[in-house]
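The structure appears right after this line, and notes come after that.
The values are calculated or read from the model by the stated rules, or taken from the named source; none is laboratory data. Here the structure is a predicted model, which is why all the values come from computation and not from measurement. Note that each Cβ is placed from the backbone with ideal geometry, even for glycine, and that neighbours are counted across all protein chains shown.
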Amino acid sequence: MVRIELNNIRLHAYHGVHQIEKENGSEFRVDVSFEYNADSAIQSDSIADALDYERVLAIVERCMADRKELIETLASTIQKEIQHDFDSAKAVRIKICKLNPPVKLAINEICVLVE
């Protein structure tokens with residue numbers, strides 16, 4: 001098994017319950033990791049035999065464009081989409097952090113982790 005990690009994907013999106021988030025959006029950081037049996041890809045050295053992480057990035061981008069109120073829902077949606085599109089992906093883990101969230105106290109980020 002090989003573990004692939006796509007870390008620190010940065011996007012601007014419109015998720016949240018506050019009106020300012022719906023209007024102006026927020027900055028997000030997304031980490032995606034998964035395992036898959038890469039024996040064929042290693043032997044052939046071909047993307048045709050690998051789990052193409054550019055397609056995983058496209059899923060993240062597409063899901064991030066579909067506005068949700070809760071980042072818990074968003075993380076779960078991304079996880080399910082990856083599992084649906086890639087049967088070979090195992091132990092899919094999604095971490096989403098909303099950077100500088102509009103809350104009362106000063107905080108750098110709020111993160112949700114779905115495993």
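The residue that is surrounded by the fewest Cβ atoms within 10 Å (Cβ to Cβ), among those in the range 1-43 that are of a type in the set (Ser, Thr, Tyr) and farther than 22 Å from Ile71 by Cα, is Ser40.
Could you look through the range 65-85, keep only residues that are among the hydrophobic types (A, V, I, L, M, F, W, C) and touching a helix residue (DSSP H, G or I) at 6+ places or on another chain (Cβ under 7 Å), and pick out the one that is farthest from Glu23 (Cα to Cα)? Looking at the filtered set, the residue picked out is Ile82.
Among the residues of the range 29-79, those that are assigned to a helix (DSSP H, G or I), more than 23 Å from Met1 (Cα to Cα) and among the charged types (D, E, K, R) comprise Glu61, Arg62, Glu72. The residue that is surrounded by the fewest Cβ atoms within 10 Å (Cβ to Cβ), counting only those in the range 80-89 that are in a helix (DSSP H, G or I) and in contact with a strand residue (DSSP E or B) (Cβ under 8 Å, 6 or more places away or on another chain), is Gln83. Checking each residue in the range 87-112 for being farther than 18 Å from Asn24 by Cα, modelled with pLDDT of 95 or more and touching a Phe, Trp or Tyr at 6+ places or on another chain (Cβ under 8 Å) picks out Ala89, Lys90, Ala91, Val92, Arg93, Ile96. Of the residues that make up the range 44-55, is at least one surrounded by 13 or more Cβ atoms within 10 Å (Cβ to Cβ), of a type outside the set (Asp, Glu), over 13 Å from the mean Cα position of the chain (by Cα) and at pLDDT below 95? Scanning the range 44-55, I find at least one residue that is surrounded by 13 or more Cβ atoms within 10 Å (Cβ to Cβ), of a type outside the set (Asp, Glu), over 13 Å from the mean Cα position of the chain (by Cα) and at pLDDT below 95, so the answer is yes. Could you list, in sequence order, all residues of the range 1-28 that are farther than 22 Å from Asp85 by Cα, part of a strand (DSSP E or B) and over 11 Å from the mean Cα position of the chain (by Cα)? Listed by number, the residues that qualify are His12, Ala13, Ser26, Glu27. Can you tell me which residues in the range 1-56 are in contact with a Pro (Cβ under 9 Å, 6 or more places away or on another chain) and among the acidic types (Asp, Glu)? Selection gives Glu21 alone. Candidates Glu61, Glu81, Glu72: the one that is of a type in the set (Asp, Glu), over 30 Å from Ser40 (Cα atoms), touching a residue at least 12 places away in the same chain (Cβ under 8 Å) and out of contact with any Ser or Thr (no Cβ under 9 Å at 6 or more places or on another chain) is Glu72.
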